[in-house]
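Accompanying notes for the structure given below.
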Amino acid sequence: MTEQLKALSSRQFIRYSRQIMLPSCGENGQLKLLNAHAVIVGVGGLGQQAAQLLAAAGVGRLTLIDPDTIALDNLPRQTLYRDSHIGQAKVLVAARKLRQRYSDCQITPVIEPFGAESTQHLPTADVILDCSDNFACRHALSQATYRQRLPLVSAAIAAEKAWLAMFTASDIEKFGCLHCVFPSDTQTQQHCASMGVMGAAVATVASLQAQLALGYLYGQSQPLNGQLLHVDFATLQFRPVQRSRDPQCDNCATSLRRCS
């Protein structure tokens, strides 16, 4: 386990001074970021952008999980990569680029789809970002993080529609988990490969996802408590929707009933 920092260096204080000036963050909040570990599942459109923002903000450790390689049609929305990276593993390129730019951040790349073996990377994490592109992965992550009582920041975008939510143990007890919103039998073809998307919209959602994760890490109160945020980029409408727990949820209902 990485040794915890006890105080900011002079260089770190200057580097992160604009964040430290925020009353919600401060010096103690920045120290929490530097000692934090975030796991990002999926380093495509959302994940590579969120990874850059977390590393730039001073998050001390990132674990990047993704099995894919970079393709030409990724480049308009996955701005960490360029033409010469085509065919290379996304996590390896992302790790190399982030290490070059952000010396305070330790990067661990994992070239595999999220599955049973991937859960070994979760217990030491302070927050997990779901930047995947399919519900099979989302449900596996939801189940793993719920069982380990780990905070999950999940987001998705296709065409001009997006959604964003944060799930914590206390939040799930009141408002349900991701399975409650999207049951395990959810079937959809709504993803970027079939419906298209604009890179600027992807970057906006990734920024919101990163902000939720950062705020959680440095101790800010969560603005989406029990809510799912819908975003319509065609009209620039942001609409929070109250979540509710499904009493028949195949992920969280059984254990909640046992506790009642």
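Given the conditions (1) among the basic types (Lys, Arg); (2) within 28 Å of GLN248 (Cβ to Cβ); (3) buried (at least 16 other Cβ atoms within 10 Å of the Cβ); (4) in contact with a helix residue (DSSP H, G or I) (Cβ under 8 Å, 6 or more places away or on another chain), report the number of the one that ARG149 does not fulfil.
In the conditions (1) among the basic types (Lys, Arg); (2) within 28 Å of GLN248 (Cβ to Cβ); (3) buried (at least 16 other Cβ atoms within 10 Å of the Cβ); (4) in contact with a helix residue (DSSP H, G or I) (Cβ under 8 Å, 6 or more places away or on another chain), ARG149 misses (3) alone.
Might you let me know whether segment 99-119 holds any residue that is crowded, with 22+ Cβ neighbours inside 10 Å, more than 29 Å from ARG18 (Cα to Cα) and at pLDDT below 95?
Scanning segment 99-119 turns up at least one residue that is crowded, with 22+ Cβ neighbours inside 10 Å, more than 29 Å from ARG18 (Cα to Cα) and at pLDDT below 95.
State which residue is nearest to ALA38 (Cα to Cα) when the search covers only segment 208-229 and only residues that are among the aliphatic types (A, V, I, L, M) and without any contact (Cβ under 8 Å) to a residue 60 or more places away in the chain.
LEU212
Which pairs do you get when a residue that is on the phi < 0 side of the Ramachandran plot, found in segment 22-37, comes within reach of a residue that is among the hydroxyl-bearing types (Ser, Thr, Tyr) and in a loop (DSSP other than H, G, I, E, B), reach meaning Cβ atoms under 6 angstrom, with the pair 6+ apart or on two chains?
Taking only residues 6 or more apart or on different chains, the pairs are GLN30/TYR16; HIS37/THR124.
Taking helices (runs of 4 or more DSSP H) that do not extend beyond segment 154-253, which have at least 2 residues that are modelled with pLDDT under 90?
In segment 154-253, the matching helices (runs of 4 or more DSSP H) lie at 192-195.
Looking at this structure, is PHE167 under 30 Å from ASN35 (Cα atoms), without any contact (Cβ under 8 Å) to a residue 60 or more places away in the chain and aromatic (Phe, Trp, Tyr)?
For PHE167, the condition - under 30 Å from ASN35 (Cα atoms), without any contact (Cβ under 8 Å) to a residue 60 or more places away in the chain and aromatic (Phe, Trp, Tyr) - is met.
Please list, ordered by first then second residue, the pairs with beta carbon atoms under 9 Å, 6 or more apart or interchain, first in segment 230-241 and in contact (Cβ under 8 Å) with a residue 40 or more places away in the chain and of a type in the set (A, V, I, L, M), second surrounded by 15 or more Cβ atoms within 10 Å (Cβ to Cβ) and not in a strand (DSSP E or B).
VAL231/GLU160; VAL231/ALA201; VAL231/THR204; VAL231/VAL205; VAL231/LEU208; ALA234/GLU160
Scan segment 5-25 for residues that are assigned to a helix (DSSP H, G or I), more than 22 Å from the chain's Cα centre (by Cα) and not small (Gly, Ala, Ser) and jot them down.
Residues satisfying the conditions are ARG11, GLN12, PHE13, ILE14, ARG15, ARG18, ILE20.
Name, by its number, the condition in (1) under 26 Å from GLU112 (Cα atoms); (2) without any contact (Cβ under 8 Å) to a residue 12 or more places away in the chain that does not hold for VAL41.
Result: VAL41 fails condition (2) only.
One line per residue, one yes/no per condition, for (1) under 13 Å from the mean Cα position of the chain (by Cα); (2) farther than 26 Å from GLN237 by Cα:
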{"residue": "GLN120", "(1), (2)": "no, yes"}
{"residue": "THR124", "(1), (2)": "no, yes"}
{"residue": "ARG147", "(1), (2)": "no, yes"}
{"residue": "MET166", "(1), (2)": "yes, no"}
{"residue": "PRO183", "(1), (2)": "no, no"}
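The values are calculated or read from the model by the stated rules, or taken from the named source; none is laboratory data. Just so it is clear, the structure is predicted and the values come from calculations on it, not from any experiment. Ideal geometry is used to build each Cβ from the backbone, glycine not excepted, and the neighbour counts take in all protein chains shown.
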